[in-house]
Amino acid sequence: MSALGPLAVAIPLLVAAILTATGAIGLRRLRDAIAVLTAIAVAIFCGILLFGSRDATIVYWFGNWRPHGGVAIGIDFAIDPLGAGIALLAALLTTASLIYSWWYFDTAGSLFSTLMLAFLAGMVGFALSGDLFNMFVFFELMGAAGYALTGFKIEEEPALMGAFSFAVVNTLGAFLVLIGLGLLYGRTGALNLAQIGRALDGHPADGLVIGAFVLIASGFGVKAAVVPLHFWLDDAHAVAPSPVCVLFSGVMVELGLYAIARVYWSVFAGAFEPSRDAIRGIGVGVATATVLVGGVMSFCQSHLKRLLAFSTISHVGMFLLGMAMLSPLGLAGAALEIGGHGVIKGALFLGAGILLNCFESVDTNQLRGRGRRLPILGTLMAIAAVALCGFPYLGLNGGEGIAVRAAEHQHLGFISYVMLCGSILTGGAVLRALAEVFLGLEAKQPEAHRTPSHENREVDQKFNRPPIVMLAPMVLLLAIGVGLGTVAGVEKAANGGARMFVDHPGYASAVLDGTHADRTVLSAANDRSAGESDQTDRWPAILHGLLATGGAVLLAVLSVFRGRIPHAIRRSSRAIFSPILRPLRSLHSGHIGDYVAWLLFGVALFGGLMAVFCRR
């Protein structure tokens with residue numbers, strides 16, 4: 001079974017090379033079918049690894065170069081449920097995107113499929129790797145494919161500018177990771193995550209260790225679009241092809257958070273044990289800022305793809321809130337949220353792509369009422385919007401409920417209000433946009449800056465009704481989102497996987513010594529101290545979901561009918577919120593120099609806080 005890990009990376013790379021070599025032959029439909037089948041095969045491999053790793057971490061050593069005396073000579077894949085789970089999410093979203101793209105890019109179809117498969121290989125390898133340098137290598141493979149996919153419409157200037165912004169900021173993030181891992185290699189002489197972690201255990205976190213963590217976490221935080229490292233994200237989403245946005249929002253940014261969690265728990269958890277409260281406070285603060293900035297900016301957008309991009313930033317903050325609590329329960333909640341968000345946001349981006357190809361615009365000011373002739377699409381996008389709010393028993397609700405319980409266990413009850421606020425803002429923004437497009441209600445927003453109201457279609461063939469091949473992936477993703485909230489045992493499995501993930505000594509023993517503790521998920525599911533849910537525990541999650549959905553609906557209604565609100569109330573609201581919204585919008589200027597400056601500021605601020613509160 002362990003050999004499936006390398007195959008899940010090697011096969012899409014090999015197929016990508018074959019598709020490139022045979023691109024001049026023709027037979028585009030055959031090449032597209034091969035790409036889809038490859039993504040399905042990777043999904044099957046990752047699903048098998050997910051179920052096979054429930055009881056113990058699966059470790060694969062390339063070339064059979066196994067550790068001797070606790071020293072890792074070779075390179076490994078260390079596969080646990082959370083790593084395999086996010087790899088499975090990447091494969092599922094890639095499959096849906098490739099099916100949706102059946103009508104895309106008639107003149108460059110093989111290149112598109114090649115880049116998508118290379119991107120998939122990078123994401124899967126990143127999620128499964130147990131070696132820090134190889135995480136960096138797969139990080140770069142993801143980046144190279146992502147830059148090319150963002151600027152795939154090379155004849156359009158906005159696409160090139162979005163790809164350039166994406167490339168510059170994320171390359172700087174990669175440099176930060178490389179410098180940080182160089183510091184760790186100089187201190188420990190190792191690149192294996194488990195070996196570095198064991199070498200740092202028992203020693204106080206000095207300046208070098210703190211600096212390495214700050215650099216690595218900041219570099220991966222750029223990929224995760226954590227505030228204030230997030231500025232590149234909306235520019236990339238606004239111009240990237242819609243099926244590419246599915247991968248960017250659904251799994252790529254989440255992999256940045258996964259990397260931070262993996263590096264913390266595998267490498268730094270022992271060294272930072274005395275500073276856990278300080279790190280928790282810093283993480284919660286950054287996450288709260290990310291939730292609020294992303295939510296407010298989402299509600300200010302008229303360009304649907306930018307709106308969804310800022311919504312992703314807000315949800316990244318919610319995921320980070322769960323992770324920052326530094327508990328298995330919080331991590332389990334974040335993992336379930338990531339899974340639900342990935343498929344639901346993927347469905348929304350596919351819907352935005354259909355609108356673009358039908359009407360040559362995704363600006364809600366231009367689309368008002370034009371979506372009435374697409375009732376099936378409107379229904380699917382409405383279901384996705386309600387699920388994005390966290391409606392009970394849909395995609396995000398279970399994870400949010402677990403995260404709220406984890407916050408209560410940590411005496412951080414205010415986190416539930418932050419998450420509620422983020423869900424209302426992002427859900428209200430999407431519902432308002434859908435009411436404008438599909439119902440014709442007026443909720444005019446400022447024109448989306450840096451993005452023209454008229455855009456070129458992403459397909460060569462014009463259609464007035466979306467083909468079934470474009471609607472089917474939306475239905476598939478929504479069905480998965482519903483399943484995550486309703487299938488029995490999903491929450492228990494997430495809790496078990498999270499406990500395995502945070503087991504710092506157990507991870508080192510599995511990788512370096514080949515020994516495994518008894519960590520069977522099903523037996524551990526009865527551990528009440530881990531905070532598993534039962535029927536009575538579902539009620540706080542249900543209440544949270546109902547409040548978030550109701551608040552989002554109310555916010556959307558107030559927005560579309562604000563003309564009927566008394567003038568005095570509207571004037572008072574503008575006086576309160578305009579001083580906040582105007583500078584916040586101006587910060588997202590589109591100038592790459594501003595984005596680099598904010599990146600450096602964020603790294604310096606994070607480093608300063610860590611030096612003050614975590615230095616021993």
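The values are calculated or read from the model by the stated rules, or taken from the named source; none is laboratory data. Computed from a predicted model, the values in this text were never measured in an experiment. For neighbour counting, all protein chains shown are included, and Cβ atoms are generated from backbone atoms with ideal geometry for every residue, glycine included. Remember, those area values only see protein heavy atoms, side chains included, never the ligands or the DNA or RNA. Shrake-Rupley method; radii C 1.70, N 1.55, O 1.52, S 1.80 Å.
With respect to (1) loosely packed, with under 15 Cβ neighbours inside 10 Å; (2) out of contact with any Gly (no Cβ under 6 Å at 6 or more places or on another chain); (3) modelled with pLDDT under 85, the lone exception for Val482 is condition (1). Of the residues examined, Arg54 is not one that is in contact with a helix residue (DSSP H, G or I) (Cβ under 9 Å, 6 or more places away or on another chain), of a type in the set (Lys, Arg) and farther than 29 Å from Arg499 by Cα.
With the structure loaded, tell me whether Arg499 is under 30 Å from Leu50 (Cα atoms) and modelled with pLDDT of 90 or more or whether it fails that test. For Arg499, the condition - under 30 Å from Leu50 (Cα atoms) and modelled with pLDDT of 90 or more - is met. Might you let me know whether segment 67-80 holds any residue that is assigned to a strand (DSSP E or B), at pLDDT 90 or above, closer than 24 Å to Leu181 by Cα and open to solvent by 10 Å² or more (accessible area, probe 1.4 Å)? Scanning segment 67-80 turns up no residue that is assigned to a strand (DSSP E or B), at pLDDT 90 or above, closer than 24 Å to Leu181 by Cα and open to solvent by 10 Å² or more (accessible area, probe 1.4 Å). Restricting attention to segment 551-592, the residues that are more than 25 Å from the chain's Cα centre (by Cα), of a type outside the set (D, E, K, R) and surrounded by fewer than 15 Cβ atoms within 10 Å (Cβ to Cβ) add up to 18.
Among residues of segment 315-332 that are farther than 23 Å from Phe299 by Cα, those with a Cβ under 6 angstrom from a residue that is aliphatic (A, V, I, L, M) and outside any helix (DSSP H, G or I), sequence gap 6+ or separate chain, pair up as Pro328/Val502.
On the given criteria, is Ala56 small (Gly, Ala, Ser), open to solvent by 10 Å² or more (accessible area, probe 1.4 Å) and farther than 29 Å from Ala21 by Cβ? Taking the combined requirement at face value, the residue satisfies it. Only one entry of Ala488, Ala435, Ala472 meets the criterion of being open to solvent by 20 Å² or more (accessible area, probe 1.4 Å) and at pLDDT 80 or above, and that entry is Ala472.
In segment 573-591, the residues that are touching a residue at least 24 places away in the same chain (Cβ under 8 Å) and farther than 13 Å from Val293 by Cα never reach a residue that is in a helix (DSSP H, G or I) and open to solvent by 60 Å² or more (accessible area, probe 1.4 Å) with C-beta atoms less than 7 angstrom apart, at least six apart or across chains.
Within segment 1-14, identify whether any single residue is among the β-branched types (Val, Ile, Thr) and open to solvent by less than 20 Å² (accessible area, probe 1.4 Å), and answer yes or no. There is at least one residue in segment 1-14 that is among the β-branched types (Val, Ile, Thr) and open to solvent by less than 20 Å² (accessible area, probe 1.4 Å). Listed by position, the helices (runs of 4 or more DSSP H) inside segment 164-248 whose residues that are open to solvent by 10 Å² or more (accessible area, probe 1.4 Å) number at least 3 are 193-200, 207-224.
Taking first residues from segment 141-162 that are assigned to a helix (DSSP H, G or I) and partners that are at pLDDT below 85, the Cβ contacts under 6 Å between residues at least 6 apart in sequence or on separate chains come to Thr150/Gly162; Ala159/Gly151; Ala159/Lys153; Leu160/Gly151. Kindly establish whether Val296 is open to solvent by 10 Å² or more (accessible area, probe 1.4 Å) and out of contact with any Gly (no Cβ under 6 Å at 6 or more places or on another chain). Criteria met by Val296. When each of Ala278, Ala287, Ala309 is tested for being under 16 Å from the mean Cα position of the chain (by Cα) and over 18 Å from Lys345 (Cα atoms), the lone residue that passes is Ala287. Taken together, Leu50, Leu27 contain a single residue that is on the phi > 0 side of the Ramachandran plot and among the hydrophobic types (A, V, I, L, M, F, W, C), which is Leu27.
Of a type in the set (D, E, K, R), at pLDDT below 75 and either open to solvent by less than 30 Å² (accessible area, probe 1.4 Å) or in contact with an Asp or Glu (Cβ under 8 Å, 6 or more places away or on another chain) (or both): is that true of Arg519 in this structure? Yes: the conditions hold for Arg519. Scanning segment 238-291 for residues being of a type in the set (Ser, Thr, Tyr) and within 16 Å of Ala309 (Cα to Cα) gives a total of 3. Taking (1) touching a residue at least 60 places away in the same chain (Cβ under 8 Å); (2) in a helix (DSSP H, G or I); (3) open to solvent by 10 Å² or more (accessible area, probe 1.4 Å) in turn, Gly285 satisfies each apart from (1). Of note, Asn170 satisfies the criterion of being modelled with pLDDT under 95, closer than 30 Å to Lys153 by Cβ and of a type in the set (S, T, N, Q). Condition test on Pro446, is it over 19 Å from Ile338 (Cβ atoms), exposed (fewer than 15 other Cβ atoms within 10 Å of the Cβ) and at pLDDT below 90? So Pro446 passes the test.
Quick grid of which residues meet (1) open to solvent by 40 Å² or more (accessible area, probe 1.4 Å); (2) among the small types (Gly, Ala, Ser); (3) free of Cβ contacts under 8 Å to residues at least 60 places away in the same chain:
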residue: Ala384; (1), (2), (3): no, yes, no
residue: Ala387; (1), (2), (3): no, yes, no
residue: Pro392; (1), (2), (3): no, no, no
residue: Asn397; (1), (2), (3): no, no, no
residue: Glu400; (1), (2), (3): no, no, no
residue: Gln410; (1), (2), (3): yes, no, no
residue: Gly413; (1), (2), (3): no, yes, yes
residue: Met419; (1), (2), (3): no, no, no
residue: Leu425; (1), (2), (3): no, no, no
